[in-house]
Amino acid sequence: MPITAKVDVYSFGILLLELLCCRKNYENESEMVLADWAYDCYTEGTLGALLAGDEVALDDFGRFEKFVKTAIWCVQEDPALRPQMKRVLHMLEGSVEVPAPPDPTSFVN
């Protein structure tokens with residue numbers, strides 16, 4: 001697989017999820033991969049589970065949700081679905097709406 005800007009977008013999405021959730025992408029076999037867990041929590045309406053009791057993040061839950069949705073867009077398996085970094089920046093800044101992301105693994109299923 002060639003190294004492209006879309007690979008950097010994927011890496012940024014993983015890094016953003018790690019920062020938001022205070023958890024590594026993959027720690028051991030008994031834990032779910034972070035991107036899959038984040039998407040499951042998003043679709044089930046349980047994003048609070050990602051916070052691990054972080055009261056500061058709970059105070060601005062709308063921003064937290066926007067950041068998680070942005071990260072999920074970044075980790076799409078299909079590189080064509082990943083946004084350009086300029087758009088990611090606009091999503092994080094709030095200058096554009098962050099639409100509901102699709103299942104990141106739907107491309108491979």
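The values are calculated or read from the model by the stated rules, or taken from the named source; none is laboratory data. What you are looking at is a predicted structure, and each value in this text was computed from that prediction instead of being measured. All Cβ positions, even for glycine, are placed from backbone atoms using ideal geometry, and neighbour counts span all protein chains on display.
Numerical summary
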quantity: Test: residue in region 17-29 that is of a type in the set (A, V, I, L, M, F, W, C), within 21 Å of Ser106 (Cα to Cα) and free of Cβ contacts under 8 Å to residues at least 24 places away in the same chain; calculated: no
quantity: Per-region count, region 46-66, residues under 26 Å from Arg87 (Cα atoms) and surrounded by 11 or more Cβ atoms within 10 Å (Cβ to Cβ); calculated: 12
quantity: Residues satisfying the stated conditions in region 50-109, i.e. assigned to a helix (DSSP H, G or I), over 18 Å from Ile14 (Cα atoms) and touching a residue at least 24 places away in the same chain (Cβ under 8 Å); calculated: Ala57
quantity: Single match in Lys69, Lys24 (criterion: out of contact with any Phe, Trp or Tyr (no Cβ under 6 Å at 6 or more places or on another chain), surrounded by 15 or more Cβ atoms within 10 Å (Cβ to Cβ) and basic (Lys, Arg)); calculated: Lys69
quantity: Residues of region 9-58 satisfying the condition of being among the acidic types (Asp, Glu) and either in contact with a helix residue (DSSP H, G or I) (Cβ under 8 Å, 6 or more places away or on another chain) or at pLDDT below 85 (or both); calculated: Glu18, Glu27, Glu29, Glu31, Asp54, Glu55
quantity: In region 72-86, residue surrounded by the fewest Cβ atoms within 10 Å (Cβ to Cβ) [restricted to those that are closer than 13 Å to Leu16 by Cβ and among the hydrophobic types (A, V, I, L, M, F, W, C)]; calculated: Met85
